Amino acid sequence: MDLPTLWYLTVGTSLVAAAMTLWERKAHAQRSRPLGIWAAGYVAFAIGCLLAMRREAFPGITGPALTNIVMVLGYLLVLQGVRCLDERVRIGRCAAVLIVLAAAWAIGGEEFPVFFWTYVGSLPIAAICGLTALVLLRSRAVKPLRSRPIAVGVFVCHGLFYFLRATVAPVLVTTYGESLLPVLAKVTMYEAVLFTVAMPMALMALIREEYQAQLLADSRTDFLTGLRNRQGFFEHGARALRDGAAQRPVSMLAFDLDHFKAINDRYGHDAGDAVLRLFAAVSRDIAGANGVIGRLGGEEFAILLPGLDSMAASRIGETVAREFAERAARSDGLQMTATVSIGLAEAASNATALAELLSAADLALYKAKALGRNRIQIAAAKGVSEAA
């Protein structure tokens with residue numbers, strides 16, 4: 001494949017990548033900004049390739065300099081799109097890089113046009129690709145995604161290629177003669193075609209995987225309270241038990257809001273939703289980072305407490321009940337009486353099945369409701385022991 005064909009192929013792949021990215025932008029509104037910036041970067045690559053093919057038509061070093069600056073602009077746009085996944089775009093720094101690059105061409109390009117075009121122009125590309133890979137490695141948004149190493153690898157390999165072109169290629173050309181220059185140009189274009197295919201695919205994979213992860217998280221989240229729903233609670237709770245120490249106490253608190261139907265009937269469903277959100281907020285504040293909290297359905301909630309025995313779990317349950325009642329009754333809050341019944345079960349180790357532990361806590365909860373509600377009951381190893 002001759003060199004002009006490779007240039008045209010690179011233009012085509014860049015424009016297709018831009019079109020696909022803009023199309024994908026419609027389906028991912030939450031990431032419309034980075035996708036738009038990446039599409040602009042791909043268009044800059046295509047324009048840079050077209051300029052490169054016609055660079056001899058420009059006077060002096062204008063053609064090579066303009067080509068290099070437009071290409072670097074494309075890489076900077078890709079970098080800013082990656083930054084945009086976590087933070088704001090830094091336009092000032094991009095402008096500064098382009099100004100410095102233009103000044104370098106103005107100062108040294110006229111005297112060493114071939115050297116600048118073949119080697120020096122590769123250095124900013126190598127640096128920007130390395131920085132893009134570093135930003136991806138540090139990104140909080142894409143850290144848990146499986147496609148992140150692929151995206152990092154694409155930029156590392158491309159940056160390394162251009163670094164070697166800027167540092168090793170001059171030595172090879174000096175050693176073996178300028179007959180290597182056409183070979184170097186063709187190898188560069190083959191690599192460019194691969195990059196303009198692999199890079200958009202890798203970045204798109206990040207967006208799609210992030211979107212799928214968000215959908216999966218949403219399917220395991222209760223939309224009203226923001227807590228885990230029943231499926232999310234069982235999945236995360238089972239994982240918390242499995243990842244914990246082999247032998248340690250683990251406790252389960254089962255909650256049921258007292259007379260919740262009466263609250264809905266008297267104050268309306270908006271007030272009932274406010275009560276549920278209030279209980280979720282109180283539970284989240286008191287259970288702490290290690291507590292696994294879920295809304296199991298309706299007015300039923302549960303908190304799994306790995307590492308806590310029944311005595312410590314009982315204190316947490318009592319604190320939740322007291323704080324919930326106090327905050328519901330405040331004049332600046334819901335201004336209503338709201339209480340909760342609690343069942344508590346403890347297992348000697350986290351080898352106990354989550355469903356079995358929740359079942360024991362539910363039995364204790366039913367006992368608490370039968371004894372008048374607004375109380376906590378502790379399930380013993382056999383049967384249920386009463387507690388005020």
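Mind checking which residues of the stretch 128-165 are among the charged types (D, E, K, R) and closer than 14 Å to Arg83 by Cβ? Let's see the steps before the verdict.
Residues of the stretch 128-165 that are among the charged types (D, E, K, R), as a first pass: 138, 140, 143, 146, 148, 165.
Once the filter is applied, which keeps residues that are among the charged types (D, E, K, R) and closer than 14 Å to Arg83 by Cβ, the stretch 128-165 yields Arg138, Arg140.
Okay, residues lined up against (1) in contact with a helix residue (DSSP H, G or I) (Cβ under 8 Å, 6 or more places away or on another chain); (2) β-branched (Val, Ile, Thr); (3) closer than 27 Å to Leu3 by Cα; (4) crowded, with 18+ Cβ neighbours inside 10 Å:
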residue: Ala29; (1), (2), (3), (4): no, no, no, no
residue: Val43; (1), (2), (3), (4): yes, yes, yes, yes
residue: Gly63; (1), (2), (3), (4): yes, no, yes, yes
residue: Thr67; (1), (2), (3), (4): yes, yes, yes, yes
residue: Val70; (1), (2), (3), (4): yes, yes, yes, yes
residue: Gly74; (1), (2), (3), (4): yes, no, yes, yes
residue: Leu101; (1), (2), (3), (4): yes, no, yes, yes
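If I ask for residues that are touching a residue at least 40 places away in the same chain (Cβ under 8 Å) and β-branched (Val, Ile, Thr), which ones from the stretch 68-93 would you list?
Val72, Val78, Val82, Val89
Within the set of pairs 6 or more residues apart or between chains, which connect a residue that is free of Cβ contacts under 8 Å to residues at least 60 places away in the same chain inside the stretch 154-166 to a residue that is charged (D, E, K, R) with Cβ atoms less than 9 Å apart?
Filtered contacts from the stretch 154-166: Cys157/Glu191; His158/Glu191; Phe161/Glu191; Tyr162/Glu191.
Let me confirm something: among Glu111, Glu87, which residue is at pLDDT below 95, over 26 Å from the mean Cα position of the chain (by Cα) and not in a helix (DSSP H, G or I)?
Working: Glu87 fails: over 26 Å from the mean Cα position of the chain (by Cα).
Result of the check over Glu111, Glu87: Glu111.
Among the helices (runs of 4 or more DSSP H) lying completely within the stretch 146-264, list those that include at least 2 residues that are open to solvent by less than 20 Å² (accessible area, probe 1.4 Å) and not hydrophobic (A, V, I, L, M, F, W, C). Steps first, answer last, please.
Values: elements: 148-167, 169-176, 180-219, 230-243.
The qualifying helices (runs of 4 or more DSSP H) are 148-167, 180-219, 230-243.
Kindly check whether there is at least one residue in the stretch 258-271 that is at pLDDT 95 or above and of a type in the set (Gly, Ala, Ser).
No - not one qualifying residue is present in the stretch 258-271.
Suppose we filter the stretch 346-376 for residues that are at pLDDT below 95 and assigned to a strand (DSSP E or B); how many remain?
2
Every residue, every condition in (1) under 23 Å from Arg83 (Cβ atoms); (2) under 19 Å from the mean Cα position of the chain (by Cα), yes or no:
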{"position": "Thr188", "(1), (2)": "no, no"}
{"position": "Phe195", "(1), (2)": "yes, no"}
{"position": "Ala217", "(1), (2)": "no, yes"}
{"position": "Gly226", "(1), (2)": "no, yes"}
{"position": "Asn229", "(1), (2)": "no, no"}
{"position": "Ala238", "(1), (2)": "no, no"}
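Which residues, taken from the stretch 279-320, are within 28 Å of the chain's Cα centre (by Cα), open to solvent by 20 Å² or more (accessible area, probe 1.4 Å) and over 13 Å from Val250 (Cα atoms)?
Selection gives Ala281, Arg284, Asp285, Ile286, Gly288, Ala289, Arg295, Leu296.
Identify, please: which residue in the stretch 288-308 is among the aliphatic types (A, V, I, L, M) and free of Cβ contacts under 8 Å to residues at least 60 places away in the same chain and is, among those, nearest to Val275 (Cα to Cα)? Even if it seems obvious, please write down each step before you answer.
Applying the first criterion (among the aliphatic types (A, V, I, L, M)) to the stretch 288-308 yields 289, 292-293, 296, 302-305, 308.
Filter once more, so that each one left must be free of Cβ contacts under 8 Å to residues at least 60 places away in the same chain: 289, 303, 305, 308.
Numbers: Ala289: 22, Ile303: 18, Leu305: 23, Leu308: 27 Å.
Checking each candidate, the answer is Ile303.
Between a first residue in the stretch 51-65 that is without any contact (Cβ under 8 Å) to a residue 24 or more places away in the chain and a second residue that is exposed (fewer than 10 other Cβ atoms within 10 Å of the Cβ), which pairs have beta carbons less than 9 Å apart while being 6 or more apart in sequence or on different chains?
Gly63/Glu56; Gly63/Ala57
Determine whether Trp23 is among the aromatic types (Phe, Trp, Tyr), assigned to a helix (DSSP H, G or I), in contact (Cβ under 8 Å) with a residue 24 or more places away in the chain and open to solvent by 20 Å² or more (accessible area, probe 1.4 Å).
Numbers: among the aromatic types (Phe, Trp, Tyr): yes; assigned to a helix (DSSP H, G or I): yes; in contact (Cβ under 8 Å) with a residue 24 or more places away in the chain: no; open to solvent by 20 Å² or more (accessible area, probe 1.4 Å): yes.
Spelling it out, it is not the case that Trp23 is among the aromatic types (Phe, Trp, Tyr), assigned to a helix (DSSP H, G or I), in contact (Cβ under 8 Å) with a residue 24 or more places away in the chain and open to solvent by 20 Å² or more (accessible area, probe 1.4 Å).
The values are calculated or read from the model by the stated rules, or taken from the named source; none is laboratory data. All of these numbers come straight from a predicted model, not from anything done at the bench. Cβ: placed from backbone, ideal geometry, glycine included. Neighbour counts: every protein chain shown. Note: accessible area is taken over every heavy atom of the protein model, side chains too, but ligands, DNA and RNA are not part of it. Shrake-Rupley method; radii C 1.70, N 1.55, O 1.52, S 1.80 Å.
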